[in-house]
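Okay, so here's the structure we're looking at.
The values are calculated or read from the model by the stated rules, or taken from the named source; none is laboratory data. Quick caveat, the model's predicted, so the values are computed rather than measured. Cβ placement follows ideal geometry from the backbone for every residue including glycine, while neighbour counts extend to all protein chains displayed. The accessibility values were calculated without ligands, DNA or RNA, using every heavy atom of the protein model including side chains. Shrake-Rupley method; radii C 1.70, N 1.55, O 1.52, S 1.80 Å.
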Amino acid sequence: MQPANAITDFDYENVKEKISAKLYPALIGLCLLPFVSPAVALSTGIILSLAGFRHQNSSKYTSLILQTSIVLLGFGMELDEVIAVSKSGFSLTMISVTIVMITGILLGKLFKANKNTALLIATGTAICGGSAIAAVAPIIKSKDHENSFALIVVFVLNAAALLIFPFIGHQLHLSQEVFGNWAAIAIHDTSSVVGAGALYGPEALKTATTVKLIRALWIIPLSLVMALFIKGNNKKSIRFPWFILLFVLSILFANLFPQLQTSYAHFSWLGQRGLVVALFLIGSNITFAQIKQSGLKSFSLGITLWAITAVGSLIFLMQ
């Protein structure tokens, strides 16, 4: 006969497995609804995982959903606007993205942080937060807990920036143009950049949105560069990010055939919600052991890199 404790433990685990099997599909469906934000989805997944409710197959689909969502987002980008915006701030963007990436990698070594997590945080800080992390993660083959820590850092700092940046801008009497450029460079996600710009003024909003669009496009060249230097499991071959090529093709296709604009809007929406679903699945695979191993170092790295980026870019823009 089995000890009573063994039976109790078996029953408990069996109940959690059955609940997870029914709960996960329902929550994935909720992630498609507009009121569920990326931060809420990621947090919900983490809470469920830490409580012991994990779906056995959730990690199998995460990478595919991430890549598909990135491709679908391309249908919502205007090629003319992309080209016009790129001409106005190409040099500044190239320099700032390069500096932030190099600084992030060096800080990762200084803090002895997980290599992939450090690279993801640097990418999210340099370009456009969660979207950049989602694009780069499949290329470097980062694990779910590494993605989670990078995303958590980005979301927390985004929330802080939305409140802190407008306050600092008013205290320093920054012009709306300077503030817009500063927000686009130093705030991670586009949504928070738009929010901070809107709080500061209409011209700040316009500048911030435009400059952030330029930075978002750097997902493409940065992903290609990473593909050249980061090798897959087979050391004889390089992992090429085909989904990035499809992302570029989706932009071109949508602009060559504008008569299908209604469909493109649906594709873009599905890509946005797909990212939310992917974030939920990423969070659902994190464990206490992973938090203990990487959590503090990841936050220290993210906060330090963010502070250096914010202060350095502000000093440059005020000259």
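Taking every residue in region 266-285 that is of a type in the set (Phe, Trp, Tyr) and pairing it with any residue that is open to solvent by less than 10 Å² (accessible area, probe 1.4 Å), at least 6 positions away or on another chain, the pairs with Cβ-Cβ distances below 7 Å are Phe280/Cys31; Phe280/Ala41; Phe280/Leu42; Phe280/Gly45. Restricting attention to region 51-73, the residues being under 22 Å from the mean Cα position of the chain (by Cα) and either within 23 Å of Lys22 (Cβ to Cβ) or at pLDDT 80 or above (or both) number 11.
Among the residues making up region 132-156, those that are small (Gly, Ala, Ser) and surrounded by 24 or more Cβ atoms within 10 Å (Cβ to Cβ) are Ala132, Ala134, Ala135, Ala137, Ser148, Ala150.
When the criteria are applied in full, Leu107 fails the requirement of being within 30 Å of Gln259 (Cα to Cα) and modelled with pLDDT of 80 or more. One residue stands out among those in region 104-147 that are in a helix (DSSP H, G or I) and of a type in the set (Ser, Thr, Tyr): the one that is nearest to Ser69 (Cα to Cα), which is Ser131.
Taking into account only those residues within region 159-182 that are in a helix (DSSP H, G or I) and of a type in the set (Gly, Ala, Ser), which is most open to solvent (accessible area, probe 1.4 Å)? Among them, the one singled out is Ala159.
I'd like to check something: does region 191-206 contain any residue that is of a type in the set (Val, Ile, Thr), open to solvent by 30 Å² or more (accessible area, probe 1.4 Å), farther than 17 Å from Leu317 by Cα and at pLDDT 85 or above?
Checked against the condition, which is being of a type in the set (Val, Ile, Thr), open to solvent by 30 Å² or more (accessible area, probe 1.4 Å), farther than 17 Å from Leu317 by Cα and at pLDDT 85 or above, region 191-206 yields no hits at all.
Contact annotation: residue pairs with Cβ atoms under 6 Å, 6 or more positions apart or on different chains, pairing a residue in region 170-182 that is farther than 20 Å from Trp306 by Cα with a partner that is among the hydroxyl-bearing types (Ser, Thr, Tyr) and surrounded by 24 or more Cβ atoms within 10 Å (Cβ to Cβ), are Glu177/Thr207.
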